[in-house]
């Protein structure tokens, strides 16, 4: 369905560092960025097990929902999206696109949505929809992580010292970490506020994928060193939260896009590149390091963000 050919764009941020951007946003117009990698093994497994329906979860503006709908249409398999929130209060471009791709939308309360990983939810879905293949929110399972390994393994010249990505569920980060070599440091920029539990969550997921791994992932404390010298995930750049508005981030996005002609989404990649710039200004990477920043796509969500904050963006 899609042949992955890595697209690399070199940018000049700081003369001390050689920075490449891996443009996953360009590999497909609808199955954007890292979503294709999270979905491909899941969909293959569903077909191998003779499933005719795929069910997955997402919020009203979910990149994962949009990408899953497009992927399933492309291969001709039925898909159902379990959407957080009430149908009467949600009408946006993401869900309109998903419906146009043939996805059946099933809205649930926020309380029920919180049970998405519980056995009670599995029973509910089986009773309501019958036999199906379930992909968790964001494609965060073994198949999703293994799919994300290919982001690096299919690169012919992976000689980077640092690799940075944004984190929502941690599946992409886990895949990059598994595919990295021993000399590389993988840095995750968590877009979620609150307690930074993602390092432990990713380590738990890695035990499911590679039980014998001895990987260590630090949290915000890794940034206290003069140079970042270990794998880490930080939420120091989560600003006002997942889809919150921040004038500093908006100004950065405008300036970045004008300078480099690389579009960013407001929620994920904007924070990722802001963090990259800031860490370089603090010289948190070793001198003359080669740096790869993974652009995960997600641009379809910009319309929803701009509609939500229209008055503030004018």
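The values are calculated or read from the model by the stated rules, or taken from the named source; none is laboratory data. No experiment lies behind these values; they were computed from the predicted model shown. In this analysis, Cβ positions are derived from the backbone assuming ideal geometry, glycine residues included, and neighbour counts consider all displayed protein chains.
Can you name every one of the helices (runs of 4 or more DSSP H) wholly within the range 265-314 that holds 3 or more residues which are out of contact with any strand residue (DSSP E or B) (no Cβ under 8 Å at 6 or more places or on another chain) and free of Cβ contacts under 8 Å to residues at least 60 places away in the same chain? Explain how you work it out, then say what you get.
Values: elements: 269-281, 302-308, 310-313.
Correct list: 269-281.
Considering only residues that are more than 21 Å from residue 39 (Cα to Cα) and crowded, with 23+ Cβ neighbours inside 10 Å, look in the range 165-189 and name the one that is nearest to the chain's Cα centre (by Cα).
The extreme case among them is 189.
Go through the range 201-224 and give me each residue that's surrounded by 14 or more Cβ atoms within 10 Å (Cβ to Cβ), assigned to a helix (DSSP H, G or I) and without any contact (Cβ under 8 Å) to a residue 40 or more places away in the chain. Lay out the reasoning, then the answer.
Residues of the range 201-224 surrounded by 14 or more Cβ atoms within 10 Å (Cβ to Cβ): 201-203, 205-206, 209-210, 215, 217-220, 222-223.
Within this subset, residues satisfying the condition of being assigned to a helix (DSSP H, G or I) are 201-203, 205-206, 209, 220, 222-223.
201, 202, 203, 220, 222 - these are the residues of the range 201-224 that are surrounded by 14 or more Cβ atoms within 10 Å (Cβ to Cβ), assigned to a helix (DSSP H, G or I) and without any contact (Cβ under 8 Å) to a residue 40 or more places away in the chain.
Taking the stated definitions as given, is residue 80 touching a residue at least 60 places away in the same chain (Cβ under 8 Å) and in contact with a strand residue (DSSP E or B) (Cβ under 6 Å, 6 or more places away or on another chain)?
Values: touching a residue at least 60 places away in the same chain (Cβ under 8 Å): no; in contact with a strand residue (DSSP E or B) (Cβ under 6 Å, 6 or more places away or on another chain): yes.
So residue 80 fails the test.
Among the listed residues 26, 22, which satisfies the condition of being free of Cβ contacts under 8 Å to residues at least 24 places away in the same chain, under 21 Å from residue 150 (Cβ atoms) and surrounded by 15 or more Cβ atoms within 10 Å (Cβ to Cβ)?
Numbers: 22 fails: free of Cβ contacts under 8 Å to residues at least 24 places away in the same chain.
Residue meeting the stated conditions: 26.
If a residue must be surrounded by 16 or more Cβ atoms within 10 Å (Cβ to Cβ) and within 20 Å of residue 63 (Cβ to Cβ), how many such residues does the range 105-129 contain?
So the count comes out to 5.
Scanning the range 142-161 for residues that are surrounded by fewer than 23 Cβ atoms within 10 Å (Cβ to Cβ) and in contact with a strand residue (DSSP E or B) (Cβ under 7 Å, 6 or more places away or on another chain), which turns out modelled with the highest pLDDT?
Only one residue fits best here, namely 161.
I'd like the full set of residues that are without any contact (Cβ under 8 Å) to a residue 40 or more places away in the chain and surrounded by fewer than 17 Cβ atoms within 10 Å (Cβ to Cβ), limited to the range 92-104.
96, 99, 100, 102, 104
Any chance you could count how many residues in the range 113-150 are without any contact (Cβ under 8 Å) to a residue 40 or more places away in the chain and either farther than 28 Å from residue 173 by Cβ or not in a helix (DSSP H, G or I) (or both)?
Residues flagged as without any contact (Cβ under 8 Å) to a residue 40 or more places away in the chain and either farther than 28 Å from residue 173 by Cβ or not in a helix (DSSP H, G or I) (or both) within the range 113-150 amount to 10.
Take residue 195 and decide whether it is free of Cβ contacts under 8 Å to residues at least 12 places away in the same chain, within 20 Å of residue 275 (Cβ to Cβ) and in the same structural domain as residue 295 (by TED's automatic domain parsing). Can you show your working first?
On the way: free of Cβ contacts under 8 Å to residues at least 12 places away in the same chain: yes; within 20 Å of residue 275 (Cβ to Cβ): yes; in the same structural domain as residue 295 (by TED's automatic domain parsing): yes.
Yes: the conditions hold for residue 195.
What number of residues within the range 304-314 satisfy the criterion of being more than 16 Å from residue 246 (Cβ to Cβ) and surrounded by 15 or more Cβ atoms within 10 Å (Cβ to Cβ)?
Qualifying residue count, the range 304-314: 1.
If I filter the range 61-77 down to residues being in contact (Cβ under 8 Å) with a residue 40 or more places away in the chain and in contact with a strand residue (DSSP E or B) (Cβ under 6 Å, 6 or more places away or on another chain), which single residue comes out as nearest to residue 137 (Cα to Cα)?
If we take residues in the range 61-77 being in contact (Cβ under 8 Å) with a residue 40 or more places away in the chain and in contact with a strand residue (DSSP E or B) (Cβ under 6 Å, 6 or more places away or on another chain), then 64 is nearest to residue 137 (Cα to Cα).
Does residue 309 satisfy being touching a helix residue (DSSP H, G or I) at 6+ places or on another chain (Cβ under 9 Å) and at pLDDT below 95?
Details: touching a helix residue (DSSP H, G or I) at 6+ places or on another chain (Cβ under 9 Å): yes; at pLDDT below 95: yes.
For residue 309, the condition - touching a helix residue (DSSP H, G or I) at 6+ places or on another chain (Cβ under 9 Å) and at pLDDT below 95 - is met.
Within the range 240-263, identify whether any single residue is modelled with pLDDT of 90 or more, more than 16 Å from the chain's Cα centre (by Cα), assigned to a loop (DSSP other than H, G, I, E, B) and buried (at least 22 other Cβ atoms within 10 Å of the Cβ), and answer yes or no.
Within the range 240-263, not a single residue is modelled with pLDDT of 90 or more, more than 16 Å from the chain's Cα centre (by Cα), assigned to a loop (DSSP other than H, G, I, E, B) and buried (at least 22 other Cβ atoms within 10 Å of the Cβ).
Confirm whether residue 55 is closer than 25 Å to residue 128 by Cα, crowded, with 19+ Cβ neighbours inside 10 Å and not assigned by TED's automatic domain parsing to the domain that holds residue 298. Quick ask: steps written out before the conclusion?
Working: closer than 25 Å to residue 128 by Cα: yes; crowded, with 19+ Cβ neighbours inside 10 Å: yes; not assigned by TED's automatic domain parsing to the domain that holds residue 298: yes.
Yes; evaluated as a whole, the condition is true for this residue.
Identify all residues within the range 159-192 that are free of Cβ contacts under 8 Å to residues at least 60 places away in the same chain, in a loop (DSSP other than H, G, I, E, B) and more than 14 Å from residue 237 (Cα to Cα); write none if there are none.
Hits for the range 159-192 are 169, 180, 181, 182, 183, 184.
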